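Read through the structure below, which is laid out as structure tokens, and then see the notes.
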Amino acid sequence: MGATDRPKVCSDLEGVPVITRALDTYTRCGIKHHIVVVGEQADQVAAAVCERFPRTIFAYQFEPLGTGHATRCGASVLEAFGYEGDVMVVAGDKVLEERTVREQLDLFRRSGADFCFMVGAKGDFPSSGRIVEDEAGNVLGNIEVGDIARARLIGQWFEAVQSRPLAGDGVRAEMLEAFSTEAKARRAMPRLWRLLGERALIRADDLRSCFSPDEAIFEFNRQDGEILRFSAEEVETRARHANLTVFFMRMEALRYALEQLAAANAQGEEYLPDAIGVLAGASTSDGRPCFRVVAYEIAQRTDALAFNTLAELEAIRQHYRRRREAASDKR
């Protein structure tokens, strides 16, 4: 996250570690038992959590293989105990308003949903996954912005290479612009990155050796069995909301989603948000939906905050500082 040895979730917010603040919020909302998935710096996370919540259960993720894999680690504990109730799944660095959690939990219970996920306005969360809907407003799935960027580039390159070879330097520059770092670009397109080290021009045959043209298209399964296909541009245009990765799920839905997750994405990780499409598209042999999926939309951007950099963390601190000062002025 920056120049600190402290795990991100142990960062201080209003005098309390972020993860402790989060568990306090969830406990006040009636969620009494917690499983925290840890990896590197597990001892620091456990120390911060157990100071306030000594009965917390910890599950260890040996490798950082994505949010889906982390959830699988936590779910294995639930399976070991034979748990069949409802589950909240959320990242440890989320800063959520108590009101927001209560409202989402209420919608989950009141609607009889098997799966309820939190969304916000797309413009407020430019780096969050896009929720794609059909013409009737039914949820089809979530696409991460990195996967949209990857598909967009593949589509553009296949179109351009029909008339002339692609300049390797230009291709490399486009990859770095889309994925921000060499490591991410290499992970998203490993064969092409390797080719760029060998030749100055990328021809049509080179491109076909790295990708299928179908990789420029996203497919979504509707519950009626129809398969919808959208380009990267269509995904971005259709999406009105961003996924905020705060999930309430019945155990049956969680189990089903984890069975279907795969690492077929730009970063080669298991993405938990893929559960949105998995559950929204699941149907029985006679076309009936297997799961009821509903979205809860936050009222304003500050209802659900998260951070990846020290600057973003400081912005959250300033938000709470201003709110505290405003409340003090009213008294």
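No value in this document is a laboratory result; all are computed from the given coordinates. Given the structure is predicted, the values throughout are model-derived calculations rather than measurements. Cβ placement follows ideal geometry from the backbone for every residue including glycine, while neighbour counts extend to all protein chains displayed.
The table below lists the values:
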quantity	calculated
Environment charge of residue 40, counting only residues whose C-beta is closer than 14 Å and scoring Lys/Arg +1, Asp/Glu -1	-1
Crossing angle, helix 67-80 versus the chain [Cα axis fit, 0-90 degrees, rounded to tens]	50
Charge sum, other residues only, whose C-beta stays under 12 Å from residue 141's C-beta, Lys/Arg counted +1 and Asp/Glu -1	-3
Helix 251-260 vs. the chain, principal-axis angle (Cα, 0 to 90°, nearest 10)	20
Per-residue [θ]222 nm for the chain (sum of -39500 (n - 2.57) over DSSP H runs n ≥ 4, rounded to 500)	-13500 deg cm²/dmol
Inter-centroid distance (Cα atoms) of region 249-293 relative to region 55-90, Å	16
Rounded, prolate or oblate (a/c below 1.5 giving rounded, otherwise prolate when a/b exceeds b/c) for region 129-184 by Cα gyration tensor	oblate
Projected label distance in nm at residue 325 and residue 309, using a 7 Å step from Cα toward the beta-carbon	2.3
Across 122/184; 122/330; 8/330; 32/122; 32/184, pairs whose alpha-carbon gap is larger than 26 Å	122/330; 8/330; 32/122; 32/184
Crossing angle, helix 168-179 versus the chain [Cα axis fit, 0-90 degrees, rounded to tens]	20
